[in-house]
Amino acid sequence: MSANGVLAATLVEPGRYELREYPIPEVQPGCLLVKMQVSGICGTDKHTYQGYTAQYGGAGEPKPVPFPIIQGHENIGTIAAMESSPCTDFEGLPLSIGNRVIVGPNISCGNCYYCRHDFPYYCCQNTRDYGNNLSAKNPPHLFGGWSQYLYVVPGSFVVRVPDELPSDVAVLTEIMAVTVGLDRAKQISAFPNESFRFDDTVVVLGVGPLGMCFVMKARMLGAGTIIAVDLSEFRLEFAKRLGADHTMNASKSNPEERLAFVRELTQGRGADVVVECAGVPVAVREGLDLLRLGGLLVEAGNFSDMGEVSISPHRHLCAKNVRILGVGGEEPAAYGPSMRQMARYMKHYPLRDFVTHRFALRDVEAAVKKSMAADSMKVVIDPWS
Ligand SMILES: [Zn+2]
Ligand SMILES: [Zn+2]
C-alpha cells in the first residue's frame with residue numbers, strides 16, 4: 001500500500017493493463033478486507049486478456065466482461081479488517097483478523113431458479129465473480145486479487161487455509177475444486193456400465209494447471225491408466241510426476257496417431273473417460289473420438305466462448321452412446337476437501353513445484369504471457385513484491 005492507497009493491476013480493456021491506485025476502503029458491515037499474499041493466473045484470465053470476453057452463454061446471451069476489471073480469482077491472503085461478528089468461514093470455523101483464507105471467487109444470488117434448486121454457482125443467473133465480472137469502476141473497486149487488498153462483500157464464501165498447507169499450494173485450490181467434475185462422474189458410475197469406475201482409463205487433453213489437477217484427482221479417485229496430452233514437453237514431464245502413465249505431445253503427433261495410441265492401450269476400445277482441459281473447441285471433437293462406446297467426456301476447458309467445432313451427431317454422439325458432462329466451475333463445498341487432500345498428498349506429489357513463476361503487480365503483462373508459455377505451470381502474482 002502506498003501512502004495514499006492500494007495498488008492494483010487493472011485490465012482496462014483486452015490486451016491493456018494499467019497499474020492503478022485506489023483509495024483504502026472503509027469496511028462495511030458483513031464485509032472483509034483481505035491483505036493479498038498470492039493470486040494465481042487462470043486460463044480464464046488469459047482468455048479475457050486475449051479478448052475472449054463472452055462467458056456464461058449457457059442460458060442464452062453470454063455476459064460481457066465489465067471493463068475495467070482487476071483480475072485474480074485464485075486468492076490467498078490474510079484478514080486485515082472485518083466488520084461483523086461472529087463471523088465464520090464456509091465450514092463454520094470462526095474467523096478473526098490475521099487468519100489466512102482463500103476467498104471463493106463467486107457470489108451466488110440465492111434467489112434464482114438455479115440457486116433455489118441447489119445448482120452450482122455457475123448456473124446462478126446473477127452470479128458475481130471476483131477478478132472477472134465485478135467492475136473496478138464501482139467503489140470500493142478492489143474486486144480482484146491482483147491487488148494489494150481484496151474487498152469481500154456479503155454473500156461471499158471464505159475458507160480458512162490449513163496451517164500445514166503453504167500458500168503456493170493453497171493457490172491451486174480453486175482449480176482443484178473444479179475437478180469436482182470427476183466426483184460427479186464417480187456418482188454417475190452408480191449406474192451399470194457408466195464411467196467413471198475404479199481402474200478406468202482416463203485421457204486428459206491439455207495439462208496446464210487445470211488439466212494437471214484432473215490428472216491428480218483421477219489418480220486419487222482410482223483411475224487405471226492415465227494418458228496426458230499437451231503441446232508442451234515441460235508440462236508432460238510434470239504430468240508424469242503427478243501420476244500420468246503415458247504422455248503424448250500433440251505438436252509431434254496427429255489426432256489419428258493419438259487415437260491409435262489410446263486404442264492400443266485399451267484393447268481397441270478407447271478411453272472410458274476423457275477430460276478436456278485444452279480450452280480449444282477442436283479438442284472436444286478429439287475427446288469424443290478417443291472415447292469407447294458409452295464413454296464419458298468431461299468438458300471443463302472452454303469456460304470462455306472460444307468458438308465452435310463441427311461434430312458428426314451420428315458418429316460422435318448417437319452411435320457412440322456417449323455421455324458428456326459439462327463442468328462450468330467448482331463448488332464451494334469442494335474447497336475444504338481439496339485443501340486437506342492437497343496437504344495430505346504433498347508427500348506423494350511435487351505440489352511445491354507447481355508454482356513455477358512469480359511476478360510483481362507492475363509486471364502483470366509479462367506474467368500473463370508467461371502463463372501461456374510452454375515452460376510454465378502455475379504463474380502467480382505476488383502483490384507485495
Ligand atoms: Zn479460474
Ligand atoms: Zn442465483
* Using 16 Å as the cut-off for backbone N distance, which residues of segment 367-385 belong to the label zone defined by a point 7 Å from the Cα of Val280 along Cα→Cβ? -> 372-375
* Asked: Using modelled amide H (1.01 Å from N, peptide plane; none on Pro or chain starts), what sits under 5 Å from the amide H of Leu242, excluding residues fewer than 5 places away?
  -> none
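Find the relative contact order for segment 236-385 and round it to a whole percent, using C-alpha pairs within less than 8 Å whose residues are 6+ positions apart. Spell out each step's value before the answer.
Numbers: 182 pairs, mean separation 22.7, N = 150.
Averaging sequence separation for qualifying contacts and normalising by length gives 15 percent for segment 236-385.
Show me the GluC sites (Glu not before Pro) within segment 289-385 that DSSP assigns to loop and that have at most 14 other Cβ atoms within 10 Å of their Cβ. Intermediate results must be reported in sequence, preceding the final value.
On the way: sites: Glu299, Glu308, Glu330, Glu365; in loops: Glu308, Glu330.
Counting only loop positions with at most 14 other Cβ atoms within 10 Å, the GluC sites (Glu not before Pro) in segment 289-385 are Glu308.
Multiplying the sequence separation of Gln267 and Cys109 by 0.36 nm and subtracting their Cα-Cα distance, what value in nm do you get? Write out the running numbers ahead of the final one.
Working: separation 158, 0.36 × 158 = 56.88 nm, distance 4.82 nm.
Result for the pair: 52.1 nm of gain on full extension.
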* Top mean-square fluctuation among Arg358, Arg235, Arg116, Gaussian network model of the chain, C-alpha springs under 10 Å? -> Arg116
* Asked: So for segment 104-254: antiparallel DSSP bridges make up what percent, rounded to the nearest 5?
  -> 20 percent
* Indicate, rounded to the nearest 5 percent, the antiparallel portion of the DSSP beta bridges found entirely in the chain. => 60 percent
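Ranked from the most accessible area to the least, with a 1.4 Å probe and all protein chains present, what is the order of His314, His117? Write out the running numbers ahead of the final one.
Values: His314 120, His117 100 Å².
The ordering from most to least exposed comes out as His314, His117.
In nm, what is the difference between 0.36 nm times the number of residues separating Asp118 and Ser251 and their Cα-Cα distance? All intermediate terms of the calculation are to be shown ahead of the outcome.
Values: separation 133, 0.36 × 133 = 47.88 nm, distance 4.15 nm.
Length gained between Asp118 and Ser251: 43.7 nm.
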* Asked: How large is ³J(HN,Hα), in whole Hz, for each residue of segment 303-318 in order, when computed from phi with the Karplus curve 6.51 cos²θ - 1.76 cosθ + 1.60 and θ = phi - 60°, using x for Gly and Pro?
  -> 5, 8, 6, 9, x, 10, 8, 8, 10, 9, x, 5, 6, 7, 10, 5
* For each pair in Lys63/Lys370; Lys252/Lys347; Lys252/Lys320; Lys217/Lys347; Lys240/Lys369; Lys46/Lys378, compute the distance between the two Cα atoms and list the pairs where it is over 21 Å. => Lys63/Lys370; Lys252/Lys347; Lys252/Lys320; Lys240/Lys369
* Asked: What residue among Cys42, Cys277, Cys115 has the largest mean-square fluctuation in a Gaussian network model of the chain, using Cα springs under 10 Å?
  -> Cys115
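So, R0 is 22 Å and r is the distance between the beta-carbons of Gln341 and Ala59; what FRET efficiency does that work out to, to 0.05?
Numbers: r = 32 Å, r/R0 = 1.47.
FRET efficiency, Gln341 to Ala59: 0.10.
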* Structure fact -> Going residue by residue through segment 348-358, the Karplus relation 6.51 cos²θ - 1.76 cosθ + 1.60 with θ = phi - 60° gives ³J(HN,Hα) values, rounded to whole Hz and with x marking Gly or Pro, of 9, 10, x, 5, 5, 8, 5, 7, 9, 9, 10
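Give, in nm to one decimal, the length gained when the segment between Glu237 and Arg315 is fully stretched (0.36 nm per residue of separation minus the Cα-Cα distance). Each step should come with its number before you reach the end.
Working: separation 78, 0.36 × 78 = 28.08 nm, distance 3.34 nm.
Net length gain for the segment: 24.7 nm.
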* Based solely on its DSSP helices, what 222 nm [θ] is calculated for the chain when runs of n ≥ 4 H residues each add -39,500 (n - 2.57) and the sum is averaged over all residues, nearest 500 deg cm²/dmol? -> -6500 deg cm²/dmol
* Identify the residues of segment 315-342 with backbone N under 18 Å of a label point that sits 7 angstrom from the Cα of Gln125 along the Cα-to-Cβ direction, or state none. => none
* Structure fact -> Sorted by chain and then number, the residues having a modelled amide H within less than 5 Å of the amide H of Arg292, at least 5 places away or on another chain, are Ala271, Asp272
* Asked: What residues have an amide H closer than 5 Å to that of Leu134, excluding those fewer than 5 places away on the same chain, when H is modeled at 1.01 Å from N in the peptide plane?
  -> Asp129
* What list of ³J(HN,Hα) values in whole Hz, one per residue of segment 254-267 in order, does the Karplus curve 6.51 cos²θ - 1.76 cosθ + 1.60 (θ = phi - 60°) give from phi, with Gly and Pro shown as x? -> 9, x, 5, 5, 5, 4, 4, 5, 5, 5, 4, 7, 10, 6
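Would you mind calculating the relative contact order of segment 7-152 from Cα pairs under 8 angstrom and at least 6 residues apart, reporting the percent as a whole number? Could you put the intermediate results ahead of the total?
Working: 315 pairs, mean separation 44.8, N = 146.
Averaging sequence separation for qualifying contacts and normalising by length gives 31 percent for segment 7-152.
Just need the relative contact order of the chain here, percent rounded to a whole number, with Cα pairs under 8 Å and 6+ apart. Can you show the working numbers first?
Values: 882 pairs, mean separation 68.1, N = 385.
Averaging sequence separation for qualifying contacts and normalising by length gives 18 percent for the chain.
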* Gaussian network model of the chain, Cα springs within a sub-10 Å range: biggest mean-square fluctuation belongs to which of Ala374, Ala319, Ala185? -> Ala319
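The values are calculated or read from the model by the stated rules, or taken from the named source; none is laboratory data. Just so it is clear, the model here is predicted, and its values are computed rather than measured. Because the Cβ atoms are built from the backbone with ideal geometry, glycine has one as well, and the counts that use them run over all protein chains shown. With ligands, DNA and RNA removed, areas are computed over all heavy atoms of the protein, side chains included. Shrake-Rupley method; radii C 1.70, N 1.55, O 1.52, S 1.80 Å.
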